[in-house]
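Structure first, commentary second.
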Amino acid sequence: MSTYNHLTLKDRECILLGVTLNDTYQVIAEKIGCSKATVSREIKRSGGRKAYSAVKAQENYQGRRLKSRRP
């Protein structure tokens, strides 16, 4: 079984709060219990610090998840 977990909407909302408060990636990662690289990639793929949206990031994740499955 994999030790990796997907980010939840609650995790993404915590990331949004951290971005809004100008927290470092390390501080945000400690709050949600993942690596700072995960937080960095999540923010980068979802528009950066200025345009990050938790809801939009969750929608993008779900779309990517559905496309990765077998037809």
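Each value in this text was obtained by applying a stated rule to the coordinates, not by laboratory testing. Keep in mind that what you see is a predicted model, and the values were worked out from it rather than measured. When we count neighbours, we look across all protein chains shown, and the Cβ atoms used for this are built from the backbone with ideal geometry, even at glycine.
All of C14, C34 fail the test of being free of Cβ contacts under 8 Å to residues at least 24 places away in the same chain, under 22 Å from R65 (Cα atoms), surrounded by 13 or more Cβ atoms within 10 Å (Cβ to Cβ) and out of contact with any Gly (no Cβ under 8 Å at 6 or more places or on another chain), apart from C14.
Yes/no matrix, rows are residues, columns are (1) under 19 Å from L9 (Cβ atoms); (2) in contact with an Asp or Glu (Cβ under 8 Å, 6 or more places away or on another chain); (3) not aromatic (F, W, Y):
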site	(1), (2), (3)
E30	no, no, yes
R41	yes, no, yes
S46	yes, no, yes
Y52	yes, no, no
Q58	yes, no, yes
Y61	yes, no, no
L66	yes, no, yes
R70	no, no, yes
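The residues of the range 51-69 that are among the basic types (K, R) and either within 17 Å of L16 (Cβ to Cβ) or surrounded by 12 or more Cβ atoms within 10 Å (Cβ to Cβ) (or both) amount to a single one, K56. Of all residues in the range 3-24, those that are part of a loop (DSSP other than H, G, I, E, B) and under 11 Å from the mean Cα position of the chain (by Cα) total 3.
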